[in-house]
Amino acid sequence: MSMSTPSSRAGRRTATRRKVAAAAAALFAERGYAATTLQAIADAAGVHVQTIYQAFGTKVGVLAETAAILVAGPDEEAATPPPERAWVRELFAEPNPARQLALYAAHMRTVSERYIPLLDVMRVTAAVDPEVAAFLLIAEQGRYEGPRHITPHLAARGALKTGLSAERAADIMYALTSYDVYRALMDDRGWSGAETEQWVAETLVAALLSPPV
């Protein structure tokens, strides 16, 4: 008689949450948020609707989890705090400031490619749904946390341009790595992901870092 272990149960829960998130992301993009029911998500994910209620509570809970999973990516758990994620550890271990900014540009490119379709749905829905509007505001504030933690690190190493504060540098970094920048170049103008990533990285270096002596 086999017995499931806590780790195997946790693994199944994680797999289920990812299945639900994938189904929700596809249905939200296809039908819109308002027209997508929890039952439809459950059917697409191959789970009982009660499973969704127990795991997420509400449809906006499903939306939040879907967004978190898309941002975290396939190799990270959405529940892992950002400082503990592999790409963040790699970035802060990197001694070269320009390379740190390149790593961030690369990360935001991959997130944009996964996240923009859901972002479009949320933006449209936010105009008529206060819960989605509130979540979207929180999500965007969360996007600022990356630059807000990176630029003080650059300032402490003397890497920022003379007279550029860590706070102002974070604002610039936040603007230059917005999802809409990646969308404008990749989707609207047809740049490749690699070209876009390189331009963002080079622009961040030019805008933020002291030139090499």
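The values are calculated or read from the model by the stated rules, or taken from the named source; none is laboratory data. The model shown is predicted, which means the values in this text are computed figures rather than measured ones. When we count neighbours, we look across all protein chains shown, and the Cβ atoms used for this are built from the backbone with ideal geometry, even at glycine. Please note that ligands, DNA and RNA were not included when accessible areas were found on the heavy atoms of the full protein model with its side chains. Shrake-Rupley method; radii C 1.70, N 1.55, O 1.52, S 1.80 Å.
Of all the listed residues (Glu76, Glu90), the sole one being under 21 Å from the mean Cα position of the chain (by Cα), of a type in the set (Asp, Glu) and modelled with pLDDT of 95 or more is Glu90. Taking the range 168-193 as the range and being open to solvent by 60 Å² or more (accessible area, probe 1.4 Å) and of a type in the set (A, V, I, L, M, F, W, C) as the test, only Trp191 passes. Counting residues in the range 147-162 that are among the charged types (D, E, K, R), assigned to a helix (DSSP H, G or I) and closer than 25 Å to Ala25 by Cα gives zero. Taking the criterion of being over 21 Å from the mean Cα position of the chain (by Cα), under 24 Å from Glu90 (Cβ atoms) and among the basic types (Lys, Arg), would at least one residue in the range 151-161 satisfy it? The answer is yes, given that some residue of the range 151-161 is over 21 Å from the mean Cα position of the chain (by Cα), under 24 Å from Glu90 (Cβ atoms) and among the basic types (Lys, Arg). Scanning the range 27-42 for residues that are closer than 19 Å to Pro130 by Cα and of a type in the set (S, T, N, Q), we see that the one that is surrounded by the fewest Cβ atoms within 10 Å (Cβ to Cβ) is Thr37. Of all residues in the range 7-26, those satisfying the criterion of being open to solvent by 90 Å² or more (accessible area, probe 1.4 Å) and either more than 22 Å from the chain's Cα centre (by Cα) or at pLDDT 85 or above (or both) are Arg9, Arg12, Lys19.
The rows are residues; the columns are (1) closer than 30 Å to Ala34 by Cβ; (2) in contact (Cβ under 8 Å) with a residue 60 or more places away in the chain.
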residue: His153; (1), (2): no, yes
residue: Ala156; (1), (2): no, no
residue: Asp171; (1), (2): no, no
residue: Met186; (1), (2): yes, yes
residue: Val205; (1), (2): no, yes
residue: Pro212; (1), (2): no, no
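Residue-level analysis places Pro95 among those that are over 18 Å from Arg143 (Cβ atoms) and either open to solvent by 50 Å² or more (accessible area, probe 1.4 Å) or among the basic types (Lys, Arg) (or both). Scanning the range 195-213 for residues that are open to solvent by 60 Å² or more (accessible area, probe 1.4 Å), among the hydrophobic types (A, V, I, L, M, F, W, C) and either farther than 14 Å from Lys161 by Cβ or in a helix (DSSP H, G or I) (or both) turns up Trp199, Ala206.
Quick check on the range 77-91: of everything there that is assigned to a helix (DSSP H, G or I) and open to solvent by less than 80 Å² (accessible area, probe 1.4 Å), which residue is farthest from Gly11 (Cα to Cα)? Here the residue is Leu91. Quick one: would you say Ala105 is assigned to a helix (DSSP H, G or I), in contact with a Pro (Cβ under 6 Å, 6 or more places away or on another chain) and either open to solvent by less than 30 Å² (accessible area, probe 1.4 Å) or over 30 Å from Ala34 (Cα atoms) (or both)? No; evaluated as a whole, the condition is false for this residue.
Every residue in the range 118-139 that is open to solvent by 60 Å² or more (accessible area, probe 1.4 Å), part of a helix (DSSP H, G or I) and either within 23 Å of Val88 (Cα to Cα) or not charged (D, E, K, R) (or both), please. Correct list: Val124, Pro130, Leu137, Ile138. Being part of a helix (DSSP H, G or I) and touching a Gly at 6+ places or on another chain (Cβ under 9 Å) holds for only one residue in Tyr182, Tyr115, and it is Tyr182.
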